[in-house]
Each structure stands twice: as C-alpha cells, then as structure tokens.
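The values are calculated or read from the model by the stated rules, or taken from the named source; none is laboratory data. For clarity, every value in this text was computed on a predicted model and none was experimentally measured. Note that we place each Cβ from the backbone using ideal geometry, even for glycine, and neighbour counts take in every protein chain shown. Remember, those area values only see protein heavy atoms, side chains included, never the ligands or the DNA or RNA. Shrake-Rupley method; radii C 1.70, N 1.55, O 1.52, S 1.80 Å.
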Amino acid sequence: MLASTEERRALVKSLAALSNEDIMLAMDAPGVLYLEDYTDLEILREWARILNHPASDILTRRLFWKRTVSQPRPGAAGIPARDHYEALRLVREDLPGLELIDGDAHADIQSTQITGHGLQRARWRRYEIESYLLHPDALALYVARVVGESAAATHVEDLRKHFEQNYPPAFLKDPLADYPYLVGTKARTQLIPPALEAAGLHGIPYTRYHEIAAIMKPEEIHPEVIEKLDAIQKAFRQ
C-alpha cells in the first residue's frame, strides 16, 4: 500500500533530522549514545581508560554519539534524543540507543530498564557528571600537576583549607558518599571552580575538566561510574 501524503511528509521530516554521517554510523555502530555535551564523553573516556573497562572500546573506536538535544544545521531547531532516535530507526530498526542524562533533569524523567533494545535511559544520581570529579585527593593531584611539584605544597594546602572550611567532616572522610549538596548543587560552576580558585588556579574552563578525570585513581572513581559504564555495554548488547 502506498503511504499517505501525511505519512510521506512525516518520513521526510524525520529523515531531515539526520546527517549523512548519522546514517552511515547507524548502519555499523553497536548503538547510539546521547550525552549532555562532548565534555561528558571526554570524562567518560578517561574513567573507562583508568578502570580498564570494556566500554572504553565503545567510547572510542566504535563510537556513535549525539547530544541529548542535537542541532542538525546552524540556526535549526534542536532535536530531542527521542525524535532523533526515531528517525534513526528508519535507517536501522534494531539500533539500540542510550540516553545518559544529568541528575538535575526533570523529576519525571527517570532511568529505564537497560534491556539492549530501543531507546533506554540512565540518569546520574548526583547533579551532573562533573559532580563525580569533586574528590579532594584527585583535585590536589590535579593542582600539583598544573602548578608543578616545586610549587605544589602551598597551593595544595590552600585547597585542603578550602575543603576543611566549606565541607562537613563526613565528606572529607568519605568523598564518594552522595551528600545532598552533591545531588542539588551544580558542581561545574558552583563547587569545582571555587576549589580550584582557592588553590590559585583561576579561569580553568569546564572544557578542561576531563584533565581531572584523567589523573584520578581507581579508588577515587565513584562506584556509580562503573554502573554507568556497565549500562553502556548492556544497552548496546556488548
């Protein structure tokens, strides 16, 4: 049966949401990963590398990712992950998708079951991915790397004082626990910059925060990170 005019228009509109690259990647990729921004991807890659996690292969060599709200052309309206994914299914119906969203997203947008089929969703429990970089020891090492070992002592001491004066003892004892302010406060702008500035590092853009992830030790990486890397694998049936 021939499609109706309305159906043909809907098909054309859906395909217009895809770039030629989208179409080519959809044919061979294990799945499509939707993230808030490319900075999320850079952080995930570093954590997967440090943990020697199998998802590292998906995040590097076999990657197909898009922003949760993508823009196909300059000036065009943003396309939500759901609409973009439905357009991809016209190219490859069995392509799995995973949307990894920040914890500050609307309360009615929750994680779904990871089945390896359709568009699945995982949600960070803390405010955003950068919230998992807020570890005093990891930040101390990052500060030392930036300023150099010969000048590190004073800068690191100032960083430690910042944490002692602004964070409860429980956090200093266990930075991996999910305290309310880590769930409700934007780390990218309200927690990490003040800590770095206290250590004398001013104007470090969030686009460099993957450098913090890159020097973290496995024991400093939150267990939830491993959960999310596992979810990427499971979502793409790897």
For the range 47-162, averaging the sequence separation of alpha carbon pairs under 8 Å that lie six or more residues apart and dividing by its residue count, the contact order in percent is 14
Amide H to amide H under 5 Å from Ser111: which residues, 5+ apart in sequence or cross-chain, H placed 1.01 Å off N in plane? Arg123
Sorted by chain and number, the residues with a modelled amide H under 5 Å from that of Ile79, at a separation of 5 or more or across chains, are Ser70, Gln71
Pair-distance profile P(r), taking every C-alpha pair of the chain, with 5 angstrom steps and integer %: 1, 6, 13, 16, 16, 14, 11, 8, 6, 4, 2, 1, 1, 0, 0, 0
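Compute the length gained on full extension between Asp37 and Val69: take 0.36 nm times their separation in residues and subtract their Cα-Cα distance, giving the result in nm to one decimal.
On the way: separation 32, 0.36 × 32 = 11.52 nm, distance 0.93 nm.
Computed gain between Asp37 and Val69 is 10.6 nm.
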Please find the FRET efficiency linking Gln165 to Ile204, where r is the Cβ-Cβ separation and R0 is fixed at 22 Å, and quote it to the nearest 0.05. 0.60
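So, with a 1.4 angstrom probe, what is the percent of accessible area on the chain that is carbon and sulfur?
Values: 6210 of 12160 Å².
Ligands and nucleic acids excluded, carbon and sulfur give 51 percent.
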Quick one: which residues, 5 or more positions from Gly97 or on another chain, have an amide H under 5 Å from its amide H? H modelled 1.01 Å from N in the peptide plane, none for Pro or chain starts. Val32, Gly118, Leu119, Gln120
Which lysines have a Cα less than 25 Å from the Cα of Lys173, not counting those fewer than 8 places away in the same chain? Lys161, Lys186, Lys217, Lys228
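How high is the relative contact order of the range 132-216? Use alpha-carbon pairs under 8 Å, at least six apart in sequence, and give a whole percent.
On the way: 63 pairs, mean separation 34.5, N = 85.
Averaging sequence separation for qualifying contacts and normalising by length gives 41 percent for the range 132-216.
With +1 on the Cβ of every Lys and Arg and -1 on the Cβ of every Asp and Glu, and nothing else charged, how large is the dipole of the range 154-238 about its Cα centre, in debye rounded to the nearest 20? The partial results should precede the final answer.
Details: 10 positive and 12 negative charges, 61 e Å.
Roughly 300 debye for the range 154-238.
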Modelled label-to-label distance, Gln190 and Ala153, 7 Å Cα→beta-carbon offset: nm? 3.7
Less than 16 Å apart at the alpha-carbon level, and either on another chain or at least 8 residues along: which aspartates and glutamates does that give for Lys66? Glu21, Asp22, Asp28, Glu36, Asp37, Asp40, Glu42, Asp83, Glu86, Glu99, Asp102
Could you check the simple spin-label distance between Arg145 and Glu227, using points 7 Å along Cα→Cβ, in nm with one decimal? 2.6
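Rounded to the nearest 0.05, what FRET efficiency do Glu211 and Leu176 have when you use their Cβ-Cβ distance and R0 = 30 Å? Let's see the in-between values first.
On the way: r = 20 Å, r/R0 = 0.68.
Rounded to the nearest 0.05, the efficiency is 0.90.
In Å², what does the accessible area per residue of the range 74-220 work out to with a 1.4 Å probe? Could you put the intermediate results ahead of the total?
Working: 7060 Å² over 147 residues.
Heavy-atom SASA per residue in the range 74-220 reads 48 Å².
So what is the calculated 222 nm ellipticity per residue for the chain, using -39500 (n - 2.57) for each DSSP H run with n of 4 or more, over all residues, to the nearest 500 deg cm²/dmol? All intermediate terms of the calculation are to be shown ahead of the outcome.
On the way: 12 runs with 110 residues, N = 238.
Here the helix-only value at 222 nm equals -13000 deg cm²/dmol.
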Stretched out fully, how many nm does the piece from Glu21 to Arg92 gain, at 0.36 nm a residue minus the Cα gap? 24.2 nm
Convert each backbone phi in the range 201-208 into a coupling constant with the Karplus relation 6.51 cos²θ - 1.76 cosθ + 1.60 (shift: θ = phi - 60°), then list the ³J(HN,Hα) values in order as whole Hz, x for Gly and Pro. 9, 10, x, 6, x, 5, 5, 9
